[in-house]
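So the structure is just underneath, and the comments pick up after that.
The values are calculated or read from the model by the stated rules, or taken from the named source; none is laboratory data. Predicted model, so just to flag it, every value in this text is computed and none were measured. Please note: Cβ atoms are built from the backbone with ideal geometry, for glycine as well, and neighbour counts cover all protein chains shown.
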Amino acid sequence: MAYRHIEVRANETGFGAEIKGLDLSAPLAPQTLEEVKRAWAEHGVVWFPDQPLELEALERFTEEIGPFGHDPFIKPMADHPHVLELRREPDEKATNFGAGWHSDWSFQETPPAATLLHSKVVPPKGGDTLYADCTRAYEALSPAMKELLAPLNAVHSAILPYSKKGIFAQEKEKRTMQIITSDEAEKTQAHPLVRTHPVTGRKALYVSPVYTVGIEGMSNEESQWLLGGLYQHMTKPEFIYRHKWRENMLVMWDNRSTLHFAEGGYDGYLRVMHRTTVAGEKPL
């Protein structure tokens with residue numbers, strides 16, 4: 001379907017698209033908003049260049065997409081409880097936040113549908129975000145593999161990064177972002193290993209190395225063998241889009257059909273991003 005109210009320039013694969021012709025500092029007309037949501041569902045990752053948004057505008061646009069999601073384990077900004085500031089100072093030595101393939105908060109019963117990330121200070125090098133198209137990765141599987149995966153439920157947990165024995169709890173280097181490690185991170189949540197997108201109806205692989213800890217009904221050895229093969233498949237170059245940031249750019253991605261990975265490479269430079277999430281539905 002053609003777009004009448006927005007300009008959409010998609011990548012050659014169809015995964016990832018730039019949306020132009022909008023001013024997100026003001027509310028969008030209903031027809032325009034509907035087209036933005038359609039482009040986001042269709043392309044998985046969309047970005048809006050040249051959007052010098054204040055926090056209030058970012059919050060308002062987020063709520064146009066849907067109600068705020070719940071963001072655990074990270075202290076939000078003062079006076080903005082739904083905004084996380086992803087800030088890394090020039091002298092920080094800790095690993096950059098988000099350095100592992102994941103779909104945001106997939107360990108929740110109803111994980112977020114969308115994540116929005118707005119760039120305020122962009123370093124002159126490094127800091128790319130990689131996105132994996134879990135829909136095309138699923139569609140590229142053989143019929144036999146699809147049949148094997150169809151009935152399986154994957155077990156998700158925040159134990160690896162956010163538990164009191166997790167990666168962040170063991171950090172030695174200082175970090176500007178305030179991470180809150182907790183026993184709550186040890187809880188688990190099962191979701192279909194293959195989920196169906198509620199808008200497009202397309203199926204996607206829904207597992208990640210950061211938050212998936214096993215597969216129901218399988219031993220740990222069996223789970224890791226199968227999951228390891230899926231991770232290698234999902235992150236093949238043909239399924240990856242590498243996003244290069246510019247200042248005042250807003251990116252919105254679909255956690256129901258993508259994974260993402262935040263690269264480093266900008267030691268010695270300040271980087272500041274503001275992040276919100278949109279509540280989602282129970283994966284089916």
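Miscellaneous remarks
- Which listed residue, of Ile159, Ile180, is more than 23 Å from Asp254 (Cβ to Cβ), among the aliphatic types (A, V, I, L, M) and touching a residue at least 60 places away in the same chain (Cβ under 8 Å): Ile180
- Restricting region 152-176 to residues that are touching a strand residue (DSSP E or B) at 6+ places or on another chain (Cβ under 6 Å) and not small (Gly, Ala, Ser) leaves a set whose member that is surrounded by the most Cβ atoms within 10 Å (Cβ to Cβ) is His156.
- Breaking point among (1) surrounded by fewer than 21 Cβ atoms within 10 Å (Cβ to Cβ); (2) without any contact (Cβ under 8 Å) to a residue 40 or more places away in the chain, for Leu55: (2)
- Region 47-79, residues that are under 24 Å from Lys37 (Cβ atoms) and in a strand (DSSP E or B): Trp47, Phe48, Phe68
- Residues considered: Leu84, Leu149. Of these, the only one that is more than 24 Å from Thr181 (Cα to Cα) and either in contact with a Cys (Cβ under 7 Å, 6 or more places away or on another chain) or hydrophobic (A, V, I, L, M, F, W, C) (or both) is Leu149.
- Residues of region 81-131 classified as of a type in the set (Val, Ile, Thr) and surrounded by fewer than 16 Cβ atoms within 10 Å (Cβ to Cβ), total: 2
- Residue check, Tyr162 aromatic (Phe, Trp, Tyr) and closer than 24 Å to Lys37 by Cα: no
- Single unsatisfied condition, Ser25 versus (1) outside any loop (DSSP other than H, G, I, E, B); (2) touching a Leu at 6+ places or on another chain (Cβ under 9 Å); (3) among the polar types (S, T, N, Q): (1)
- Here the condition is being touching a helix residue (DSSP H, G or I) at 6+ places or on another chain (Cβ under 8 Å) and over 20 Å from Asn255 (Cβ atoms); of Leu141, Leu148, it holds for Leu141 alone.
- Residue within region 10-21 that is within 16 Å of His274 (Cβ to Cβ) and modelled with pLDDT of 95 or more present: no
- Test: residue in region 244-255 that is more than 23 Å from Asn11 (Cβ to Cβ) and of a type in the set (S, T, N, Q): no
- Test: residue in region 111-118 that is more than 14 Å from Thr277 (Cα to Cα) and at pLDDT 95 or above: no
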